[in-house]
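First the structure, in the form of structure tokens, and then the observations on it.
Read-outs: derived from the displayed coordinates by stated rules, not from any lab. Note that this is a predicted model, so its numbers are computed, not measured. Cβ placement follows ideal geometry from the backbone for every residue including glycine, while neighbour counts extend to all protein chains displayed.
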Amino acid sequence: MLKYLLNRIKNEGLIKDTLIYGLTNALYSGLPLLLMPFLVIVLAPEDYGVVDFYRTFSLVLTPILGLSTVQSISRFYFDLNSEKFKYYVSSIVIFHICTAIVGVSILFLFHKLLDHQFYLISFFSIVYFLFNQITEALLAIYRVEKKSKKYLVLRLDVVGLDLLILAGLYYFLNNYDWTYRVYPNVIATAIIGIISFILLCKRNGFVFNKKLLRLAILYSSPLIVHMLSGYVLNLGDRFFILHFLNKEELGRYAVAYQIGMSVNFFYTSFNLAWTPTFYEWMKKGKNCQIKKVEKIIYLAISVLGIMIFLIFIAIDKSTTLLKNYSISYLLVATILLSYILLSFYKMKSNYFLYNKKTKILSSITFLSSLITIVLNYYLIPRIGIYGSAIATLISILFLYLAVTFKLYDKKSVKSS
């Protein structure tokens, strides 16, 4: 039976696509981790902390300015005919352009009230948001159409250009602060975003349809709470560390967090290939096959987490790379366990997204974010950055248990 299931997975293209998405995700989402050994040498801990803050704030803007509408593209591909789907995508892109303009306008109006560094980070974050979401819209289409090679090329363009600009600045600059990492990221994202916009216009036209946008917002609006709560859960601890401790501790925690969350790269890569297949299998009622795939992925993620922890210990003992950061084994292990559980949670959350039960998913994530806020506020002043790791673990454990038990409520989520 296991051999049969693996053959089915292979025939669906999941293995090939997962490998392609794995390479893509390792280079794109994993770029902060890949650059970490270089940046911890070049940047001071406080500058590394500011870079991490920029990355965090950029992600938070996605549900605030974009209302998470790009997330709906892969779902409604299966519900709309080809013509309506084209208008659906173009309406979402136009909506993002408008909200970005509003965001920049508001920022400019209040710029005198803001710290100059925060003003710059906010501006760059809005620019990143706009062009990143345009690119994500095109990538969502490539995913549902199972054009993984085109997905790979577009992602590699972003990474390659980012690294090229970074290398150029390293050659020409003598001193390096947080702008050394932020500028290349913003410029590369903007250039590829413009290219993606041109490709989308050629493909879908530039037509705005109010009804289709409303459909996207109705589906995605509960995901605003879901995504914001998720960012509070995964990234909100940075704000508490910065408030109660300092930028140096933030930089130390950010490095440990990058190591611990690396286990999530595997599941993210798999899920990029899995989601379209999952939707198809759910439509066809292949629930048994889905459950068996889940078991295989759970085992693979658990083994990978153990391997990452052992590799971290070996690197720490054999090199002086992380000497200035003093990363605790317990800290990394706690974050690793958290992200193993987060991968399990994401596997279960696909049921809610398929059945359009986004309100239920958002309420669970919101409760989890409240837990992490309370725990961070209580624990960080007492045990420092370890408090953030513990808060993350407890909150994610709640997430996983909540969605798992909710799936057994057949009135809430069908075909679980």
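Assuming a ≥ b ≥ c are the square roots of the Cα gyration tensor eigenvalues, decide whether the chain counts as rounded (a/c under 1.5), prolate (otherwise, with a/b larger than b/c) or oblate.
Since a/c stays below 1.5, the shape of the chain is classed as rounded.
Grab the Cα-Cα distance for residue 299 and residue 246, subtract it from 0.36 nm times how many residues apart they are, and report the gain in nm with one decimal.
15.3 nm
Using a Gaussian network model on the chain with a 10 Å cutoff between Cα atoms, which of 82, 90, 368 fluctuates the most?
82
Around residue 257, under 14 Å between beta carbons, what's the net of Lys plus Arg minus Asp minus Glu among the other residues?
Its environment carries a net charge of 0.
Quick check on packing: order 371-378, 123-130, 360-367, 195-202 by the mean number of other C-beta atoms within 10 Å, highest mean leading.
My ranking of the peptides, most packed first, is 123-130, 360-367, 371-378, 195-202.
Expressed as a rounded percentage, what relative contact order does the range 43-220 have, with Cα pairs under 8 Å and six or more residues apart?
Computed value for the range 43-220: 41 percent relative contact order.
List, in order, the whole-Hz ³J(HN,Hα) value for each residue of the range 255-261 obtained from phi through the Karplus relation with A = 6.51, B = -1.76, C = 1.60 and θ = phi - 60°; use x for Gly and Pro.
The phi angles translate into 5, 4, 5, 4, 5, x, 7 Hz.
Please report 238, 203 as a ranked list, fewest other C-beta atoms within 10 angstrom at the top and most at the bottom.
In increasing order of surrounding Cβ atoms, one gets 203, 238.
Based on other C-beta atoms within 10 Å, arrange 74, 338 from fewest to most.
Taking fewest neighbouring Cβ atoms as first place, the list is 74, 338.
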